[in-house]
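We did not get these values from a lab; they are worked out from the coordinates using the rules stated. Everything numeric here is computed off the predicted structure, so don't read it as measured data. Counting neighbours? That spans all protein chains shown, and the Cβs are built from the backbone with ideal geometry, glycine included.
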Amino acid sequence: MLTQAVESGRYHFFVSHYYNVTTGFKQVWPNAKIISLVNWTKFVKLAGTFKAPSNEDIDKHLDYLLDFPSTLPWPSLIYDMDHSIFSRENHLRSIQTLYGALGWDDFNADLVGQYYDEYRYVHRY
């Protein structure tokens, strides 16, 4: 059922934090587009302070993120976290670029900007 939903275009993406899960997705859906979040250390450390009870937990989280190879064996789209997430202007430009790369034509800077503002407010950075 899920395979049919993906193939029919009802799903545009999945989130995967684990390399082996991403590899499994690519085996089932070889034409899937991959968005790689790169340059994320500053963001993860900051976000971890809101989610993890200790620095040890943050370090464990970083360890499993580092399990991803720095270069994926498939083409991927890039979102540079530390460059984009701390600047509204850079974030909007990056998301608009991803929209174009995904073939989507309905980018709305006002809505994406509103989401960005709310996200920053909730995460207090």
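Hand me the list of helices (runs of 4 or more DSSP H) wholly inside the stretch 78-125 holding 2 or more residues that are hydrophobic (A, V, I, L, M, F, W, C).
Qualifying helices (runs of 4 or more DSSP H): 88-102, 109-123.
State all residues of the stretch 12-35 that are surrounded by 13 or more Cβ atoms within 10 Å (Cβ to Cβ), over 13 Å from the mean Cα position of the chain (by Cα) and not in a loop (DSSP other than H, G, I, E, B); if no residue qualifies, say none.
Within the stretch 12-35, Y19, T23, F25, K26 qualify.
Out of all the residues in the stretch 92-115, which are under 15 Å from K33 (Cα atoms) and among the small types (G, A, S)?
G100, A101, G103
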